[in-house]
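Structure record follows, encoded as structure tokens.
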Amino acid sequence: MKRILYIILCTALFAGCSEDFTDLAPISNRNEADFYNTPEDFEVAINASYAGLQSTGVYGRGYWTMFEMRSDNTDQGPDATGLARQYTEINAFTEDALNEQVTAAWSESYRVIANCNVILDRIPDVEMDASLKNQVSGEALFIRSLMYYHLAIGFGNIPLQLTSYVSGDELVQVDESTVLQQLVTDLTTAEENLPVLYSGSEVGKATKGAAATLLAKVLLTLGENSAAETVLRRIIANYGYELLPNYADLWGVANENNAESIFEVQYISGGIGQGSLFTNDFSPSTDLQTGSGFGRNRPTVSMLEAYEDGDLRFEPSMGATYIDLEGEVVEARHVRKYQSDLAIENDSDINFVVFRYADVLLMLAEALGDTPESYDLINEVRDRAGLPDIDASTPGTFEDKLLQERRVELAFENHRWPDLKRFGAVGKVTEAEDFITSTKEYFFIPQREMDINPNFVQN
């Protein structure tokens, strides 16, 4: 799938988006009448939905800004001028309803949802192979659920639109729990409809494992640990994932979509608008990787100090220094996981890893609670990192030890803010960054949406 060139498709399908609404309708009436009539149309449409995940409002920038920089893992870095202001505000909990990055995350997530809604509405009436129909429907349900999960965690009370938007429809907010309960239904269906794996050009599409992993995460968020355990054991037993022996082998273009990977957002360089910005955003200097390193998503001192001595995850994950062109050592904390091997300006081939098997093992430990098996699962992850085993006698509560392990294992992968919320540990943000004086659970709904929808209640 990484090499499917669908930028033209994405542009065509989204060209009819309203400029003055919440982007719940992805195509014009004319396009809707002319499209979604053949199996090929639906394959094109679902590829466009995957393309939407690449956008700067979603995985390209929005989600790591809202779920890593919001947490104690990272901050904006030294450059807080110009457009960087919007990221600094998110980091410091000082953003308002006009914050550009939060607005982009909302609108572009709903744009993807809208495209999925049209697919799900139109596909039942189209004659096509039943297995392909189930697969495309499952992909649409997974992608839509992925967007709704992030929106629910980020904004709480949001409109839950499950059908194509029709002009004049009134959008109604529902609470976070209602959204998550809907995702349980949708992801259960998605898992049933999706294949275990793909081959050839389809590698990278949503699988049973991807749907099940998100389902388990939703169930844990709802506090339904027993149900989550059932799902997680099914992933482990049936879907063929494994920990790679070497943590460093998880990263880099050559290692994408590996045996530990469950779902990645696929990026492709080449000047076609589908390359990622990660190398440029995360590099601390022009000398490190490319012509314009911004030092964004900079690991905090707290993140640097979170790694134990000898943790093999540190070097592949982050750096504390780099050597400039003059051979001088420069202190600059930076993320390494998404560095490109080639210095391609704002057009990297690097994917974003959304889910991987280590997360499944640690989620199962969470679902089980303080048990010997839970420590076995944690130690399976720690063993790869070259660290000694822990057990109930190791200082700290079980929750603290698990949260710490999740932090260093999954650093910079968009899990930290949802984890802090789920564990009731948001206070760790103010402990790590003393300039933050207060926190809040949700982002403001963009002011544009409040103006258009007077029935909305602001967070």
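The values are calculated or read from the model by the stated rules, or taken from the named source; none is laboratory data. No experiment lies behind these values; they were computed from the predicted model shown. Using ideal geometry, Cβ is built from the backbone for each residue, glycine included, and neighbour counts are taken over all protein chains shown.
Observations
- Complete set of residues in the range 147-158 that are surrounded by 23 or more Cβ atoms within 10 Å (Cβ to Cβ) and over 16 Å from G57 (Cβ atoms): A152
- Flag not set for D400, criterion: assigned to a helix (DSSP H, G or I), modelled with pLDDT of 95 or more and closer than 27 Å to N258 by Cα.
- Members of the range 245-256 that are part of a loop (DSSP other than H, G, I, E, B) and closer than 18 Å to R336 by Cα: N246, W251, G252, E256
- Only one entry in P284, P299 is at pLDDT 85 or above and on the phi < 0 side of the Ramachandran plot, namely P299.
- Identity of the residue in the range 138-159, of a type outside the set (G, A, S) and touching a Cys at 6+ places or on another chain (Cβ under 7 Å), that ends up farthest from K208 (Cα to Cα): R144
- Residues in the range 123-137 include none that are within 30 Å of V196 (Cα to Cα), small (G, A, S) and in contact with a His (Cβ under 8 Å, 6 or more places away or on another chain).
Yes/no per residue for (1) farther than 21 Å from D359 by Cα; (2) free of Cβ contacts under 8 Å to residues at least 40 places away in the same chain; (3) in contact with a His (Cβ under 8 Å, 6 or more places away or on another chain):
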{"residue": "L402", "(1), (2), (3)": "no, no, no"}
{"residue": "W417", "(1), (2), (3)": "no, no, no"}
{"residue": "R422", "(1), (2), (3)": "no, no, no"}
{"residue": "D434", "(1), (2), (3)": "yes, yes, no"}
{"residue": "I445", "(1), (2), (3)": "yes, no, no"}
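- Residue in the range 349-360 that is without any contact (Cβ under 8 Å) to a residue 24 or more places away in the chain and closer than 16 Å to R233 by Cβ present: no
- Remark: E328 falls outside the filter, which requires a residue to be exposed (fewer than 13 other Cβ atoms within 10 Å of the Cβ), more than 15 Å from T74 (Cα to Cα), among the charged types (D, E, K, R) and touching a residue at least 24 places away in the same chain (Cβ under 8 Å).
- Within the range 190-224, being surrounded by fewer than 17 Cβ atoms within 10 Å (Cβ to Cβ) and in a helix (DSSP H, G or I) holds for E192, G200, S201, E202.
- Scanning the range 94-134 for residues that are surrounded by fewer than 17 Cβ atoms within 10 Å (Cβ to Cβ) and either of a type in the set (A, V, I, L, M) or not in a helix (DSSP H, G or I) (or both) yields a total of 9.
- Every residue from the range 415-434 that is buried (at least 22 other Cβ atoms within 10 Å of the Cβ) and part of a loop (DSSP other than H, G, I, E, B): H415
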